[in-house]
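S.K.: Starting off with a structure, shown below.
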Amino acid sequence: MITLQGRTVAFLVAPKGAEQIELTQPWQAVAEAGGTPRLVSTKAGRVEAFHHLDRADTFKVDDVLGEVSADRYDALVLPGGVANPDFLRTDRRAVGFVRAFFESGKPVAAICHAPWTLVEADVVRGRTLTSWPSVRTDLVNAGAHWVDEEVHICTSGPNVLITSRKPADLPAFAETLVTVVAKAKA
C-alpha cells in the first residue's frame, strides 16, 4: 500500500472558480494515503468552487499566499476550472509560488485548464504535458509539447510534472499523484 505519511500537499486555488471535483477527488486521494492536504489561496477565509459554470461548495483556506512558501510542502496540485487558473496567472504571488515548486524539484500536478498558470510561470518550455484541448495552443506557444492522454508524467525537467485533461481523467490523475509524491524525496 502506498503511503503519504508525513507528506504535505498544497492545493492552490483562487477565491472563486476552481472545478470542485478537480479539488476534492485528488484531495481525498492524498488524505486516504495518509498525507496532509492543505488549501492555499490568495485570500484568507473560504474559497468557492464550481461545477462547470454553476456555483458549488465553499472550502476553508488553510494557508494564504505571501504567508507561506513552497518549502512548507512536498508537492503542489493545481485544480482546473476556467476562472481559477485565469485568476491565479494574474497574481504574482501565485505565479511565484508555482515556479518555486519547479525550482526546488518538487512534484506538480495540474489538470484541465490549470496549465494556464504553468504557462505564466514560464515552466512548460521543453516539457510534455496534456490539458483541456482549448489550452493546447497556449502551451505550444509557450514551448511545450502537447499530448492527448488521460494522464501524462513528464520527467524531462527539474521536477516531475503530472497533467490530465478533464474530470473524467481524475481516477488516473489522483492515483498517479499519490504514487509520484510517495516516491519523491521528502
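The values are calculated or read from the model by the stated rules, or taken from the named source; none is laboratory data. Only a predicted model underlies this, so the values are computations on that prediction, with no experimental measurement involved. Don't worry about glycine lacking a Cβ; one is built from the backbone with ideal geometry, like all the others, and counts go over all protein chains shown. All accessible areas refer to the heavy atoms of the entire protein, side chains included, with ligands and DNA or RNA removed. Shrake-Rupley method; radii C 1.70, N 1.55, O 1.52, S 1.80 Å.
S.K.: Can you confirm whether residue 86 is open to solvent by 10 Å² or more (accessible area, probe 1.4 Å), touching a strand residue (DSSP E or B) at 6+ places or on another chain (Cβ under 9 Å), in a strand (DSSP E or B) and not aliphatic (A, V, I, L, M)?
M.R.: Numbers: open to solvent by 10 Å² or more (accessible area, probe 1.4 Å): yes; touching a strand residue (DSSP E or B) at 6+ places or on another chain (Cβ under 9 Å): yes; in a strand (DSSP E or B): no; not aliphatic (A, V, I, L, M): yes.
Spelling it out, it is not the case that residue 86 is open to solvent by 10 Å² or more (accessible area, probe 1.4 Å), touching a strand residue (DSSP E or B) at 6+ places or on another chain (Cβ under 9 Å), in a strand (DSSP E or B) and not aliphatic (A, V, I, L, M).
S.K.: So which residues in segment 108-135 are in a loop (DSSP other than H, G, I, E, B), open to solvent by 10 Å² or more (accessible area, probe 1.4 Å) and farther than 12 Å from residue 164 by Cα, if there are any at all?
M.R.: Of everything in segment 108-135, those that are in a loop (DSSP other than H, G, I, E, B), open to solvent by 10 Å² or more (accessible area, probe 1.4 Å) and farther than 12 Å from residue 164 by Cα turn out to be 122, 123, 125, 126.
S.K.: Right, something else. For the list (1) over 17 Å from residue 78 (Cβ atoms); (2) polar (S, T, N, Q); (3) open to solvent by 70 Å² or more (accessible area, probe 1.4 Å), I need the number of the one condition that residue 58 fails.
M.R.: Result: residue 58 passes all but (3).
S.K.: Moving to a separate point now. Take segment 141-182 and flag every residue that is free of Cβ contacts under 8 Å to residues at least 40 places away in the same chain, part of a strand (DSSP E or B) and surrounded by 19 or more Cβ atoms within 10 Å (Cβ to Cβ).
M.R.: Across segment 141-182, the qualifying residues are 146, 151, 152, 154.
S.K.: Name the residues in segment 89-107 that are free of Cβ contacts under 8 Å to residues at least 60 places away in the same chain and surrounded by fewer than 16 Cβ atoms within 10 Å (Cβ to Cβ), would you?
M.R.: 90, 92, 93, 96, 103, 104
S.K.: Quick one: is residue 138 touching a Phe, Trp or Tyr at 6+ places or on another chain (Cβ under 7 Å) and touching a residue at least 40 places away in the same chain (Cβ under 8 Å)?
M.R.: Numbers: touching a Phe, Trp or Tyr at 6+ places or on another chain (Cβ under 7 Å): yes; touching a residue at least 40 places away in the same chain (Cβ under 8 Å): no.
When the stated conditions are applied, residue 138 does not pass them.
S.K.: So residue 185 clears everything in (1) open to solvent by 70 Å² or more (accessible area, probe 1.4 Å); (2) touching an Asp or Glu at 6+ places or on another chain (Cβ under 6 Å) except one condition, right? Which one?
M.R.: (2)
S.K.: May I pose another question? Which numbered condition in (1) touching a helix residue (DSSP H, G or I) at 6+ places or on another chain (Cβ under 8 Å); (2) part of a helix (DSSP H, G or I) is the only one that residue 99 fails?
M.R.: Single failed check for residue 99: (1).
S.K.: In segment 29-47, what count of residues is obtained for those that are more than 14 Å from the chain's Cα centre (by Cα) and open to solvent by 30 Å² or more (accessible area, probe 1.4 Å)?
M.R.: 7
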